[in-house]
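Readers should treat all values here as calculations from the given coordinates under stated rules, not as data from a laboratory. Since the model is a prediction, treat every value here as computed from it, not as a measurement. Here Cβ is always computed from backbone atoms with ideal geometry, including for glycine, and neighbour counts include all displayed protein chains.
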Amino acid sequence: MIALIENARAKMEYSFDEELQAGIVLSGGEVKMLRSHRGSLVGSHVVILGSDAVLVNAQIPAYPFSREEEYDPKRSRRLLLHKNEILKLAQAIETKGLSVIPVSIGISGRHLKVRIAIARGKKQYERREELKRRDMDREALREHKMRVR
């Protein structure tokens, strides 16, 4: 899958337990905006309504050449999943400490897919440790490059 838009905040705020790929129901203008890398998944999440999984609070701006006068960029969009995957997501949502969040939207063949993850929120100290580790790795790589020259 080639990612068009990603949820950068998700990697910082959550640790992923399991990832799934789902289809998404979109209008034509939304597809064109996503293919031009316009949109945001920050602050969005997945909820289960009845027997459907729904992506809530994902922002896809209106296509400038469409005639949709009453377009809502943050409307809820239905996700296409198998029944057993929806049941797994429903169990994860009910479990305390777990969330279902979109990681990215991308192209798989001709179709747009949403990569969603069952995730556990990181604590503040875990985020700080990860940033320190990343900085140390970057510094070690920089020193290694200097020695090679």
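If the segment from Lys96 to Met146 were pulled out straight at 0.36 nm per residue, it would be longer than the present Cα-Cα gap by 13.3 nm.
In this simple spin-label model, placing a label point 7 Å from the Cα along the Cα-to-Cβ direction at both Ala62 and Ser15 gives a separation of 4.4 nm. Look at the alpha carbon pairs under 8 Å that are at least 6 residues apart: their mean separation over the length of the range 2-122 gives a relative contact order of 38 percent.
Extending 7 Å from Cα along the Cβ direction at Arg138 and again at Ile107 yields two label points whose distance is 3.1 nm.
In this Cβ point-charge picture (+1 for Lys and Arg, -1 for Asp and Glu), the chain has a dipole of about 600 debye about its Cα centre. Charge tally for Asp17 (other residues, Cβ to Cβ under 15 Å; Lys, Arg +1; Asp, Glu -1): 0.
Which percent, nearest 5, of DSSP beta bridges in the chain are antiparallel? Counting DSSP beta bridges with both partners in the chain, the antiparallel share is about 100 percent. Strictly over 18 Å apart at the Cα level, which of Lys11/Lys132; Lys96/Lys123; Lys11/Lys122 would you flag in this model? The answer is none of them. Computing FRET efficiency as 1/(1 + (r/R0)^6) for Leu80 and Arg120, where r is the C-beta to C-beta distance and R0 is 25 Å, gives about 0.50.
Shown for the chain are the DSSP H helices of 15 Å or more along their axis, judged by Cα atoms, with a mean Kyte-Doolittle hydropathy of at least -0.5: 83-94.
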